[in-house]
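The values are calculated or read from the model by the stated rules, or taken from the named source; none is laboratory data. Because the structure is predicted, anything quoted here is derived from the model rather than measured. Cβ coordinates were reconstructed from backbone atoms using ideal geometry, including for glycine residues, and neighbour counts include every protein chain displayed. These area figures cover heavy atoms from the full protein model, side chains too; ligands, DNA and RNA do not enter into them. Shrake-Rupley method; radii C 1.70, N 1.55, O 1.52, S 1.80 Å.
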Amino acid sequence: MNDNTRRGLMIKFRATPEEYALIQRKAELAGITSLSAYLRKMAIDGYVIKLELPELREMISLLRRSSNNLNQIARRVNSTGRVYTEDMADIMNQQRELWQCAKAILKKLASIA
């Protein structure tokens, strides 16, 4: 019984020339000479990682707030010529929060590998 008889169903998909070349290269790097065998192996045994990182959304929000606060502080310093202690404390707290978020994200990503 040949492969075409044993595997009667055909699955097709379209790819750009660049995608096709990349697929071929990955098959070669995996040591698989048959593109069909490589694609079948990846479809059955490969995996897709879907990252759910609410920490990243939180970090982006913190970055926005921090940027807005820095702009307000810069305008105030430019108009008054003074730097206020409270402003510096706010910046330091925001930086601490950002670093905590970054560490949480890195820890979560490290656990995936």
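Farthest toward the dipole's positive end in the chain, which of Gln72, Ala37, Val83, given Cβ charges of +1 (Lys, Arg) and -1 (Asp, Glu) about the Cα centre?
Farthest towards the positive pole: Ala37.
Assuming R0 = 35 Å, can you tell me the calculated FRET efficiency for the pair Ile60 and Thr33, based on Cβ-Cβ distance, to the nearest 0.05?
Calculated transfer efficiency: 0.20.
So which helices of the chain fit the span-like rule, where a helix is a whole DSSP H run, its Cα atoms reach 27 Å or more along the axis, and its mean Kyte-Doolittle is at least -0.5?
85-112
How far apart, in nanometres, would the label points at Arg82 and Leu70 be if each is projected 7 angstrom from Cα along the Cα-to-Cβ direction?
2.4
For the cross-link pairs Lys50/Lys108; Lys26/Lys108; Lys50/Lys107; Lys12/Lys41; Lys26/Lys103, which exceed 23 Å when the distance is taken from alpha carbon to alpha carbon?
Lys26/Lys108; Lys26/Lys103
Show me the chymotrypsin sites (Phe, Trp or Tyr not before Pro) within region 20-113 that DSSP assigns to loop and that have at most 11 other Cβ atoms within 10 Å of their Cβ.
Those satisfying the criteria are Tyr47.
Per DSSP H run of at least 4 residues, take -39500 (n - 2.57); add these up for the chain, divide by its residues and hand me the 222 nm value, nearest 500 deg cm²/dmol.
Mean residue ellipticity at 222 nm (helix-derived): -24500 deg cm²/dmol.
Using a 1.4 Å probe on the protein heavy atoms, what percent of the accessible area of the chain belongs to carbon and sulfur?
In the chain, the share of accessible area belonging to carbon and sulfur is 56 percent.
Can you give me the accessible area per residue for region 37-113, using a 1.4 Å probe, in Å²?
With all protein chains present, region 37-113 gives 81 Å² per residue.
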